[in-house]
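The values are calculated or read from the model by the stated rules, or taken from the named source; none is laboratory data. All figures in this text were calculated on a predicted structure; none of them were measured in a lab. Here the Cβ positions follow ideal geometry from the backbone for every residue, glycine too, while neighbour counts run over all protein chains shown.
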Amino acid sequence: MGLHSQAAIGVILGGVVTLAPGIGGWLRALAPRRATAARPPRAEGKQRQSRARCGMLAPGADARLEEATVIRRVLLSLSRSEQARDVVAAAPISRSVVKRFIAGESAADAVLTTADLIGSGRLVTIDHLGEDVTELGQAEATRDAYVTLLGLLDEAGLTQGAEVSVKLSAVGQALPGDGEKIALDHAREICQAADAAGTTVTLDMEDHTTTDSTLGILRELRADFPQTGAVLQAYLYRTEADCLDLAHAGSRVRLCKGAYKEPPAVAFQDKADVDKAYVRCLKVLMAGEGYPMVASHDPRLIDIAGALAVRHDRAKGTYEYQMLHGVRPDEQRRLAADGEKMRVYVPYGDDWWGYMVRRMAEKPANLALFLKSLSSTS
Ligand code: FDA
C-alpha cells in the first residue's frame, strides 16, 4: 500500500474515531477484510424495516442505527474538510473505486462509460468532479472541461442520450466578490456549448446556503436555455414550496433526498421525515406540468413514483428515473427494460473526495468498499 493510501485511510478512520468516539465495534464491522462477508444490502434493509414496523427491532439494532447516524454526520463533515481533502485527494484512485462509482479521470473515460450505458438502453448525465473552487483559474478550468467534454460527446454522436450536471461552486459561485456573476457567466457558456451539441445542462444543488443563489442563476439561464434542469432536495423544509414554483410546463426538476450535512433549522434530520417529504414533493411534481426526474435508489420511492405517474396519466417518457453510476445497476437495467427513461449520473475527474465521502455517508457498505479499495494494490 502506498504512503498516500495509508494516509487516506488514516484520515478517514481518524476523523470518524476522533469526532465520534465509542464506535469501535461498528468500525470493526466495516473493516476491509470483512466487507465481503456483509449481508446483501437490500435484504438487510428490508429485514430492519419490517422489524421496525412491527416495533421489534432486534437487541442492539437501535444502537447500530444511532451509530450509523453518527458516522453519517461525521463523514458529511469530513466531505467539506479541506485538510482531509488535501491528504486523501493525493491518493491515486484505485481501480475498483474507479470502476464502481467513477467513470475514470479523463473526459475520454467519461465518453467510453457513457457509450456503454447508452448502449444498454440507459441515459446519462455527466459530472466533472470538483466543487468549492477557491481560485478563478480553477473555475475557468472547470468550464473548459465541460466545453471540451460536450464537444467529445457530440463527435461521438452521444448527445441524444447524454447531458451534463454542473455544480455552481465548481465554476466560481463561492469566489469572493462577484462569485455569483462569475458562476452565471461560466454556466451560461456551458449551456451554450450544450445547446450547440444538441443537449442540456442540469444544475446540481449544494448546501442550503447556496439554494437561493442557485435558483436565481437557474432563472437567468432559463431565460435563454429554458431546458436547463433544476435539482431540489427533499430534506429542506422549503422544498415543497420550491416544487410548486418549478412544476410548470417545460421545467425539468430532479428531486433528490439531499446529500449534505444540514442543521435542524433548515432540514429534516430523521430519515423517515425526509422520505415523507420526498413523497409530498413528488406528488407536487407529478401532478404539475413539468418534467420530474426521480433521483433515488430507494425501492419504496421508485414504486411510489410509478404509482403517481399512473394516477396522473403520465405516459412513460414524461418523467424519468435517475440513479448514481455503480448504485443498483440491476434496478437501472430493469427500469430501462420496462420502457422507463432511466438516467445514470456519471462522475469523472480526479477531484473525487467530496463525492466519494457523500456516497460513504449514504451507505456504510460503500465505506467498507472504499477502504478496501484504498488498501488493495490492484
Ligand atoms: P437512501 O440513501 O436513503 O437509500 C434508500 C434505499 O435505497 C436503501 O435503503 C437501499 O434499499 C437503496 N440503496 C441506496 N443506496 C444503495 C446502494 N449503494 N446499493 C443498494 N441499494 C441502495 N444530492 C444533492 O444534495 N444534490 C444533488 O444535486 C444531487 N444530485 C443527485 C443526482 C442523482 C442522479 C442522484 C441519484 C442523487 C443525487 N444526489 C444529490 C444524492 C441524493 O441526495 C442522495 O444523497 C442519494 O441519492 C441517496 O439517497 P437515496 O434516495 O438513494 O436513498
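Among the residues that make up the range 206-225, is at least one of them in contact with a Gly (Cβ under 8 Å, 6 or more places away or on another chain) and within 22 Å of Ala162 (Cα to Cα)?
Within the range 206-225, none of the residues are in contact with a Gly (Cβ under 8 Å, 6 or more places away or on another chain) and within 22 Å of Ala162 (Cα to Cα).
Here's the yes/no breakdown for (1) more than 17 Å from the chain's Cα centre (by Cα); (2) modelled with pLDDT of 95 or more; (3) of a type in the set (Ser, Thr, Tyr):
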site: Ile102; (1), (2), (3): no, no, no
site: Ala108; (1), (2), (3): yes, yes, no
site: Ile118; (1), (2), (3): yes, yes, no
site: Gly121; (1), (2), (3): yes, yes, no
site: Thr134; (1), (2), (3): yes, no, yes
site: Glu140; (1), (2), (3): yes, yes, no
site: Leu149; (1), (2), (3): yes, yes, no
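Search the range 358-370 for residues that are within 7 Å of the ligand (Cβ to nearest atom) and of a type in the set (D, E, K, R) and pair each with any residue that is at pLDDT 75 or above and part of a helix (DSSP H, G or I) when their beta-carbon atoms are under 9 Å apart and the residues are at least 6 apart or on different chains.
Cβ pairs passing all conditions: Arg358/Leu76; Glu362/Arg72.
Take the residues in the range 296-350 that are of a type in the set (Phe, Trp, Tyr) and more than 11 Å from the ligand (Cβ to nearest atom), then tell me which one is modelled with the highest pLDDT.
Tyr319
Quick one: which residue in Asp204, Asp178, Asp224, Asp195 is in the same structural domain as Asp127 (by TED's automatic domain parsing), under 19 Å from Ala141 (Cβ atoms) and touching a residue at least 12 places away in the same chain (Cβ under 8 Å)?
Being in the same structural domain as Asp127 (by TED's automatic domain parsing), under 19 Å from Ala141 (Cβ atoms) and touching a residue at least 12 places away in the same chain (Cβ under 8 Å) holds for just one of Asp204, Asp178, Asp224, Asp195, which is Asp204.
Would you check if Met293 is of a type in the set (A, V, I, L, M), at pLDDT 95 or above, within 12 Å of the ligand (Cβ to nearest atom) and within 22 Å of Met323 (Cβ to Cβ)?
It is true that Met293 is of a type in the set (A, V, I, L, M), at pLDDT 95 or above, within 12 Å of the ligand (Cβ to nearest atom) and within 22 Å of Met323 (Cβ to Cβ).
If only one of Ala259, Ala247, Ala267, Ala277 is more than 11 Å from the ligand (Cβ to nearest atom) and either closer than 19 Å to Asp207 by Cβ or of a type in the set (Ser, Thr, Tyr) (or both), which one is it?
Of Ala259, Ala247, Ala267, Ala277, the one residue that is more than 11 Å from the ligand (Cβ to nearest atom) and either closer than 19 Å to Asp207 by Cβ or of a type in the set (Ser, Thr, Tyr) (or both) is Ala277.
Would you mention how many residues in the range 289-345 are in a strand (DSSP E or B) and over 20 Å from the mean Cα position of the chain (by Cα)?
0
Identify, please: which residue in the range 226-244 is surrounded by 19 or more Cβ atoms within 10 Å (Cβ to Cβ) and not aliphatic (A, V, I, L, M) and is, among those, nearest to the ligand (Cβ to nearest atom)?
Ranking the candidates gives Gln233 first.
Would you pick out the residues in the range 303-327 that are within 15 Å of Cys281 (Cβ to Cβ) and in contact (Cβ under 8 Å) with a residue 24 or more places away in the chain?
Matches in the range 303-327: Ile304, Leu308, His312, Tyr319, Gln322.
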